[in-house]
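Chemist: Let me begin by handing over the structure; questions about it come next.
The values are calculated or read from the model by the stated rules, or taken from the named source; none is laboratory data. No experiment lies behind these values; they were computed from the predicted model shown. When we count neighbours, we look across all protein chains shown, and the Cβ atoms used for this are built from the backbone with ideal geometry, even at glycine. For the accessible areas, the whole protein counts, side chains as well, though only heavy atoms, and no ligand, DNA or RNA atoms are used. Shrake-Rupley method; radii C 1.70, N 1.55, O 1.52, S 1.80 Å.
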Amino acid sequence: MKFNGIDVSSWQGDIDWEKVKNSGVEFAIIRTGYGRGASNQVDTKFKQNIKGAKEAKIKVGCYHYSYAESPEDAVNEAEFCLSILGGEGLDLPVYYDIEDSSISSKHDKEVRTQMCISFCSKVQQAGYRAGVYSNKNWFDNYINYDELKNRYTLWLAHYGAQNPSLDCDIWQYSSTGKIDGISGNADLNYMFKDLS
């Protein structure tokens, strides 16, 4: 069994969520923002997207893009993410999006893995499920896949493959999908078990 989903941010502009629902989308992972707390780091479409998706009866989760410089900084990012959420109910987990070159160039694998754990622990303390999003290269080389897999739900980005290369709960298989209700490209995902 697999569920069809998308992930969206302000890059997708104004979305017609009813059209999205009617096109067969069953879940959406919506960006809260990025970084650790500047007002311009809140995704400008987050509130609009989560409201629209919920009204269309699409299951929702969210993700936060990281620029953290330490595990302590990752906690700051989690607190910022939670402040943007403002207690909003979610069907699906909150994912830590760790893939930025500023992080891969600064730290060793253990520190990067601890950043994921620090973010996810803070999110869990607030009553949400937590997970980690990254691409195959990062899971292979920059963070400890096995340790994170034992702790959290994982969301893998790997394009151009017939099947996901690593065991994951959600697979982002395309960044160039076309969905009715979204102008331009959309990220397409399969969820392999109902995480709600």
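Chemist: Please work out the C-alpha center-to-center distance from the stretch 134-196 to the stretch 78-100 and express it in whole Å.
Modeler: So the two Cα centres are separated by 17 Å.
Chemist: Tell me the carbon and sulfur percent of the accessible area for the chain, rounded to whole percent, probe radius 1.4 Å. Provide the component values of the computation, followed by the final result.
Modeler: Working: 3820 of 8660 Å².
Roughly 44 percent of what the probe reaches on the chain is carbon or sulfur.
Chemist: With every protein chain present, what accessible area does ARG129 have (1.4 Å probe, heavy atoms only), rounded to the nearest 10 Å²?
Modeler: The value for ARG129 is about 120 Å².
Chemist: How long is the stretch 1-64 along each principal axis, judged by its Cα atoms, biggest number first, in Å?
Modeler: 38, 24, 17
Chemist: Can you pull a Stokes-Einstein diffusion coefficient for the chain at 10 °C (1.306 mPa s), Rh from Kirkwood over Cα pairs, as a whole number of µm²/s? If you can, show how the numbers build up before the last one.
Modeler: On the way: Rh = 16.6 Å.
Once the numbers are plugged in, D ends up at 96 µm²/s.
Chemist: Show the residues, 5+ positions off or on another chain, whose built amide H is closer than 5 Å to the amide H of SER174.
Modeler: Residues meeting the amide H criterion: LEU188.
Chemist: Could you do me a favour and compute the accessible area per residue for the chain, 1.4 Å probe, result in Å²?
Modeler: On the way: 8660 Å² over 196 residues.
On a per-residue basis, 44 Å².
Chemist: Moving on. Just grab the label-to-label distance for GLU147 and SER104, each label 7 Å out from Cα along the Cβ direction, in nm (one decimal).
Modeler: Label-label distance for GLU147 and SER104, simple model: 1.9 nm.
Chemist: Given the pairs LYS57/LYS178; LYS136/LYS178; LYS51/LYS109; LYS21/LYS109, which span a C-alpha to C-alpha distance of over 29 angstrom in this model?
Modeler: Details: LYS57/LYS178 20 Å; LYS136/LYS178 23 Å; LYS51/LYS109 37 Å; LYS21/LYS109 39 Å.
Result: LYS51/LYS109; LYS21/LYS109 exceed 29 Å.
Chemist: Counting Lys +1, Arg +1, Asp -1, Glu -1, what net charge surrounds HIS158 among other residues with beta carbon under 13 Å of its beta carbon? Display every interim value, and only then the final one.
Modeler: Details: positive: LYS136; negative: GLU99, ASP140, ASP167, ASP187.
Within the 13 Å Cβ shell, the charges total -3.
Chemist: Amide H to amide H under 5 Å from TYR95: which residues, 5+ apart in sequence or cross-chain, H placed 1.01 Å off N in plane?
Modeler: CYS62, TYR63, HIS64, GLY131
Chemist: Which cross-chain or sequence-distant (5 or more) residues have an amide H under 5 Å from the amide H of ASN135, H modelled 1.01 Å from N in plane?
Modeler: ALA157
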